[in-house]
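Below: one structure, written as structure tokens.
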Amino acid sequence: MDYSKITANLDKLLGNLDLSNTTEEGVKTKLPDGYYLCQVNKAELTESKSAGNPMVAIEYLTIEDGKKLIVDDAGYSQLIDAKGTANKRIFVNYVLSNEMNAGFFVSDMLKFQDPETNEPIFKDEEYYFKSAQGIIKVCDMLTEGGIIYIMVQTIEKKDGSGEKEQKFKPISWKRARKLELI
């Protein structure tokens, strides 16, 4: 078989391939800045690859098209439909290497609320957030059906490179109502 045509086409494709968003978990999701209703596909206590610190890794899946944030020239903002953004995966890692990082994790987990009452699902903080077993229970409960809005925001990296990165931040049901997402 003559592979010249196949290899030429493949070389052209691969030569233009942007691998900067590709990891062993797959292709990193790029979403427009905005808000996305997500379910937790997987949450697990693991360790970071770089230093071996305890880490909670959460994989979200957008369950419907989100709402992207548009700001006009006068500085007014509005939310419009972000077509084609359903069924996208979002990965968020919480490296629990110090008290401050653990505090950010707890704060974000308290945003998982009962949609009707706005009461945190993990309101017994002593039980859920004062032991490794409690964190494992949080991960198990999230994997069994955690649903939350995730705010996506593109910001400049702190390393001074001028490059941009996306941040993914859970928001409470109370905040989602104020934003008129629901």
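Each value in this text was obtained by applying a stated rule to the coordinates, not by laboratory testing. Not measured: the values here are computed from a predicted model. No Cβ is skipped: glycine too gets one built from the backbone with ideal geometry, and neighbour counts run over all protein chains shown.
Out of the trypsin sites (Lys or Arg not before Pro) in segment 57-121, which ones are loop residues according to DSSP with at most 10 other C-beta atoms within 10 Å?
Qualifying residues, ordered by number: LYS83.
Longest exposed-loop-site-free stretch of the chain, with GluC sites (Glu not before Pro), DSSP loop and at most 15 other Cβ within 10 Å?
My reading of the result: 65-115 is the longest stretch.
For the chain, find the longest principal axis of its Cα atoms and tell me its angle to the long axis of helix 4-15, 0 to 90°, nearest 10.
Taking Cα atoms only, the helix is inclined about 40 degrees.
Kindly flag which residue pairs out of LYS49/LYS164; LYS67/LYS157; LYS5/LYS67; LYS49/LYS178 have an alpha-carbon separation exceeding 32 Å in this structure.
Listed pairs above 32 Å: LYS5/LYS67; LYS49/LYS178.
Once the Cα atoms of helix 99-109 and of the chain are each reduced to a long axis, what angle between those two axes, in degrees from 0 to 90 to the nearest 10, is obtained?
So the helix axis and the longest Cα principal axis differ by about 90 degrees.
What FRET efficiency do you get for GLU44 and ASN101 if R0 is 22 Å and r is their Cβ-Cβ distance, rounded to the nearest 0.05?
0.85
Assign one of three labels to segment 25-84, namely rounded, prolate or oblate, based on the Cα gyration tensor with a ≥ b ≥ c the square roots of its eigenvalues; rounded applies when a/c is under 1.5, prolate when it is not and a/b is larger than b/c, and oblate otherwise.
prolate
So how tilted is helix 132-143 from the main axis of the chain? Cα-based, degrees 0 to 90, rounded to 10.
60
Taking segment 34-125, which chymotrypsin sites (Phe, Trp or Tyr not before Pro) meet the DSSP loop condition and have no more than 14 other C-beta atoms within 10 Å?
Counting only loop positions with at most 14 other Cβ atoms within 10 Å, the chymotrypsin sites (Phe, Trp or Tyr not before Pro) in segment 34-125 are TYR76.
Compute log10 of I(q)/I(0) for the chain with the Debye formula, placing one identical point scatterer on every Cα and leaving out solvent, at q = 0.09, 0.14, 0.19 Å⁻¹, to two decimals.
Summing over Cα pairs of the chain leads to -0.41, -0.88, -1.39.
Compute log10 of I(q)/I(0) for segment 45-133 with the Debye formula, placing one identical point scatterer on every Cα and leaving out solvent, at q = 0.13 Å⁻¹, to two decimals.
Scattering profile of segment 45-133, log10 relative to I(0): -0.66.
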